[in-house]
């Protein structure tokens, strides 16, 4: 399997402060990769480097084998980006936004028309095609951004917090779209604050903290490394967590402590892995 | 072609509110025309020309400057810092030259629309003006150089306030000192030399000479070309600095 993204010893400094410090990771073609980390961990900076918006201080980043610094023009046609903030042109319609992007990616007139219709159908927005961006809902704006990012059939899609600020229904719709894009062959690289999102969508996840990669693997592998069962015990208003490789050892631990009040045995989650590695709950972000 | 794509998106936006744009863009030159042309300048002649005929080319230079600068610069500043939609252009497979040129052409397009609209109104008032090839060339250069100045300023600005400060410190003094409302032959030599450092001075001189049928100041057109080169190279350097 080829690498869609390869990051080797990446570093980035701003005014002498290292926001990325020797980051290395690899995302294989066809993966949905979740990039998790607290605010200020370096996720957005890493994405800015990968999408050619910022140059690294040291290290290399490759997309489809091409260096993002040495061959930015080549790299740009491989990826599509859905940014966290609304980056649509608000004074244009949904269709005009897609057309603008299609023109920037040099699609011919017939290809543009066909692709715009396909994508409006894909994101279920054919009826809103001629509405101004300012007149549609937040969920529709996000779906327009997804359609825009896909217009040139990118092999790799960066999604930066794709469901932030969306209601539950719109969020599920975006999840379906991500799965749909992946099943059509796009590799997906997503950052998210929602651990359930990463668990629901990602084949592999990387946890980044203070600019460094803390762990990379499938959600299942990461949970296994920590312990697939967790024991939560509450004492004086604080909850402590212990992790065990199986339910038996977790039960044994509880029995040995002879205190079952306020003790819960449950399967560990990716959020547990995240907290153990970064020392913070995602919800605190 | 890529530069045209950038302009295309602006044209799509502008066509929806063209009447409103025209109205707002014509307001200030018409006010200048009334205040200076009819009010202050009634009965005055400059170098044998009525003040009204004298001031109209200056107001056209001023209109071209303001609308080109704002059309290119203020829009780019907002797209870059507020809407963040400029990042989408940076991530597209287009060259820096196309991107800068496209952004500047938005200013040129808007500048020409506003200046020509004002010119049509002004021709009703001052029909003696000679609108020929040299006038068109001077107007195009004016729009081009201030559009590139707008792009340069927008790429350098770190905040919206920076852009406002630039307008207050650079454009506002130029509005009144750039040979728009008075003849440079009337000012002391030291001030005259300083005023020649302002790009608008050369734009006013060229537009006025062309419109009044005076001998054309080719050295001022050359100066405009020099400013244009300076601002376009500055824009390229500022764009490069953004990705560091």
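Measure nothing fancy, just the Cα-based angle from helix B:199-212's long axis to the longest principal axis of chain B, in degrees from 0 to 90, nearest 10. The two axes meet at around 50 degrees.
A Gaussian network model of chain A, with springs between Cα atoms under 10 Å, assigns the largest mean-square fluctuation among A:235, A:109, A:43 to A:235.
Counted over the range B:140-199 with a bin width of 10 Å, the fraction of Cα pairs per bin, in whole percents, is 20, 44, 28, 8. Look at where the Cα atoms of the range A:202-254 and of the range B:178-195 average out, and the two centres are 76 Å apart. Averaged over the residues of A:98-104, the number of partner chain Cβ atoms lying within 10 Å of the residue Cβ comes to 6. Residue order for B:14, B:169, B:155, fewest other beta carbons within 10 angstrom first, comes to B:169, B:14, B:155. With a 10 Å cut-off around each Cβ of B:4-13, the average count of Cβ atoms from other chains is 4.
Convex hull volume of the C-alpha atoms in chain B, normalised per residue: 127 Å³. Give me the angle, in degrees from 0 to 90, between the Cα long axis of helix A:94-104 and the longest principal axis of the Cα atoms of chain A, rounded to the nearest 10. With rounding to tens, the tilt is 80 degrees. In terms of other Cβ atoms within 10 Å, B:137, B:144, B:195, B:124 run from fewest to most in the order B:124, B:137, B:195, B:144.
Once you sort the root eigenvalues of the Cα gyration tensor of the protein assembly as shown as a ≥ b ≥ c, which label holds: rounded (a/c under 1.5), prolate (a/b larger than b/c) or oblate (the other case)? It is prolate, given that a/c is not under 1.5 and a/b is the larger ratio. Eigenvalues of the alpha-carbon gyration tensor of chain A, scaled by 5 and square-rooted, set the equivalent ellipsoid semi-axes at 38, 23, 16 angstrom, largest first. Note on the range B:86-138: Cα Rg divided by 2.2 N^0.38 Å, N the number of residues, gives 1.68. In summary, the range A:88-160 shows an alpha-carbon radius of gyration equal to 1.00 times the 2.2 N^0.38 Å reference for compact globular proteins. When chain A is treated as a GNM with alpha-carbon contacts under 10 Å, the residue of A:240, A:251, A:44 showing the greatest mean-square fluctuation is A:240.
Axis of helix B:18-32 versus longest Cα principal axis of chain B: the two differ by about 40°, to the nearest ten degrees. Shown for B:128, B:110, A:103: other C-beta atoms within 10 Å of each C-beta, ranked fewest to most, produce the order B:128, A:103, B:110. The alpha carbon gyration tensor of the range A:214-253 gives principal lengths a ≥ b ≥ c with a/c of 1.5 or higher and a/b no greater than b/c, which makes the shape oblate.
Highest GNM mean-square fluctuation among A:42, A:22, A:206, for chain A modelled with Cα contacts below 10 Å: A:22. First check a/c for the range B:109-244, with a ≥ b ≥ c the square roots of the eigenvalues of its C-alpha gyration tensor; if it is under 1.5, answer rounded, and if not, answer prolate when a/b is larger than b/c or oblate otherwise. Verdict is prolate for the range B:109-244.
Values quoted throughout were computed directly from the atomic coordinates according to the rules given, and no laboratory measurement underlies them. Everything numeric here is computed off the predicted structure, so don't read it as measured data. Quick reminder, even Gly has a Cβ in these numbers, built from the backbone with ideal geometry, and neighbours come from all protein chains shown.
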